[in-house]
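The values are calculated or read from the model by the stated rules, or taken from the named source; none is laboratory data. Note that the structure is predicted; figures quoted are calculated from it, not measured. In this analysis, Cβ positions are derived from the backbone assuming ideal geometry, glycine residues included, and neighbour counts consider all displayed protein chains. Please note that ligands, DNA and RNA were not included when accessible areas were found on the heavy atoms of the full protein model with its side chains. Shrake-Rupley method; radii C 1.70, N 1.55, O 1.52, S 1.80 Å.
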Amino acid sequence: QVHVVESGGGWVQPGESLRLSCTASGRIFSGYHMSWYRQAPGKEREMVARITSAFRTDYADSVRGRFTIRRDNAKRTMYLQMNNLKPEDTAIYYCAVVFQETYWGQGTQVTVSS
């Protein structure tokens, strides 16, 4: 069993920054991929950023240049640095860990509002 926990959400004003963290624990070894998704009210869940086991990264067009994803394998932790946040970034952010199957965290709320 693999457990995934996100942290770091909160409320910020437009233009400010937040850093999200996602930590995986349990029976997980090397070769796993990690991703951030988000779901805004009334919208479908969408991929925000992902990083493979080989540290290849990919971003949604809406966040490219503002968000940065990285991972620390020793800590089994992934981070999402979000800069210049916009109201449209408001959503619940979920972490997904792919290791034989996909494991999801419970999500962390990010609210961007003045």
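Miscellaneous remarks
- Among residues of region 27-52, those that are at pLDDT 95 or above and of a type in the set (Ser, Thr, Tyr), counted: 3
- Members of region 16-27 that are assigned to a loop (DSSP other than H, G, I, E, B) and within 22 Å of Arg70 (Cβ to Cβ): Glu16, Ser17
- Only residues that are open to solvent by less than 70 Å² (accessible area, probe 1.4 Å), in a loop (DSSP other than H, G, I, E, B) and not aliphatic (A, V, I, L, M) were counted across region 53-94, and they come to 5.
- Taken over region 28-46, the criterion of being crowded, with 18+ Cβ neighbours inside 10 Å and in a strand (DSSP E or B) is satisfied by Met34, Ser35, Trp36, Tyr37, Arg38.
- Members of region 14-29 that are free of Cβ contacts under 8 Å to residues at least 60 places away in the same chain and in contact with a Ser or Thr (Cβ under 7 Å, 6 or more places away or on another chain): Ser21, Thr23
- Just one of the numbered conditions (1) farther than 14 Å from Val110 by Cα; (2) out of contact with any Leu (no Cβ under 7 Å at 6 or more places or on another chain) is not true of Ala91: (1).
- Criterion: exposed (fewer than 13 other Cβ atoms within 10 Å of the Cβ) and among the polar types (S, T, N, Q) - qualifying residue of Ser21, Ser113: Ser113
- For region 74-91, a residue qualifies if it is touching a Phe, Trp or Tyr at 6+ places or on another chain (Cβ under 9 Å) and within 15 Å of Cys22 (Cα to Cα), and the qualifying residues are Arg76, Met78, Leu80, Gln81, Met82.
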